[in-house]
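Notes for the one structure printed next.
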């Protein structure tokens, strides 16, 4: 069984329910030790007196608040005396609709369970009532010398606790970002095409289909270095879409999204594990399709026997890199998109001539 990180009483009205708090999520971040370069010696952090240079034991450390010319010292027990009992009570202030709480306020999620089986009925009653009302409880409590604003949510008979940011912790975006656009004139046809793209890319939310590709590549890097091998470079960031080509990029993106859905509905991924984002390549595909419309039947028939080089021109760099990896083309990790096309085309011609 997991260990509770906090225990106390959830109070609403005159009802008091003993509860325990459990961490709801894990982190799969790969952790590295710090070593001195050229050695296998660990580098460790220590609590050191900056004047004497000597290590200080934990029980000899007190908190100090800097007021300019001196420190105001505070003992751990004095923090508890400031609000006696607050660290043991999860006090419900009221209930609100979940949609009323903006996503930016949410921080971390915990599971909230009854402290014992004797309190199961009170726990189930609160969960069922909240679920029927579609409301979340807004509450406050103190944990580890810090007060938290939280939202308690009921779902399928289970209570979860979500820590929230305080209102004054939310930064004003207008003060933080000086590049936010002011009033911008956007053509209605551009909005409609953008809406079509959103519709074409709409999908069911299935979190199990997503995974941390960066951590996977870090793990592959570690394994490759352990085996004395190298790992190819990931796909570089996509270039910004030129405003002049915006409509072409949007239309081509809509066409490609619809085409992907008609061929199975799965999202293609890049060499780095992310969806391809080279919109300029998509725009090129859209333009070539537009030029192809309205031509004679002979020309249309010829398009079915399109050459390998032209086929490669229609691919994104991520797709080209994946083919180069399958073909084991040397130096592919440092190649540009044009270099990848040339290398793959050359290999194709060699295969045809040998055949």
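Rule-based calculations on the coordinates, nothing more; no lab input. Only a predicted model underlies this, so the values are computations on that prediction, with no experimental measurement involved. Cβ placement follows ideal geometry from the backbone for every residue including glycine, while neighbour counts extend to all protein chains displayed.
Fewest Cβ neighbours within 10 Å first, please rank 115, 108 accordingly. It would help to have the intermediate numbers written out before the result.
Values: 115 16, 108 13.
Ascending number of Cβ neighbours within 10 Å: 108, 115.
May I ask you to compute the full-extension gain from residue 15 to residue 156, defined as 0.36 nm times their residue separation minus their alpha-carbon distance, rounded to one decimal in nm?
The residue 15-residue 156 span can extend by a further 48.6 nm.
What list do you get for 211, 165 if you sort them by fewest beta carbons within 10 Å?
Values: 211 11, 165 15.
Ranked by crowding around the Cβ, least crowded first: 211, 165.
Going by average Cβ neighbours within 10 Å, how do the peptides 94-101, 43-50 rank, with the highest at the top?
Highest-to-lowest ranking by the protection proxy: 94-101, 43-50.
Each label point is 7 Å from the Cα along the Cα-to-Cβ direction; what then is the distance between the points at residue 101 and residue 262, in nm?
Modelled inter-label distance: 4.4 nm.
Stretched out fully, how many nm does the piece from residue 80 to residue 179 gain, at 0.36 nm a residue minus the Cα gap?
31.1 nm
Region 41-167: Rg/Rh from Cα coordinates, Kirkwood Rh?
Looking at region 41-167, the ratio lands at 1.13.
Could you state the number of Å between the C-alpha centres of region 40-66 and region 103-129?
39 Å
By per-residue mean of other Cβ atoms within 10 Å, what is the highest-first order of 154-160, 220-226, 4-10? Intermediate results must be reported in sequence, preceding the final value.
Values: 154-160: 14.7, 220-226: 12.0, 4-10: 17.9.
Ranking the peptides 154-160, 220-226, 4-10 by packing returns 4-10, 154-160, 220-226.
So if each residue of separation counts as 0.36 nm, and I subtract the Cα-Cα distance between residue 4 and residue 169, what length gain in nm does that give? Walk me through the numbers on the way to the answer.
Values: separation 165, 0.36 × 165 = 59.40 nm, distance 2.73 nm.
Stretched out fully, the residue 4 to residue 169 stretch lengthens by 56.7 nm.
So how far apart, in nm, are the two label points at residue 27 and residue 51 if each is 7 Å from Cα heading toward Cβ?
Distance between the two pseudo-spin positions: 3.5 nm.
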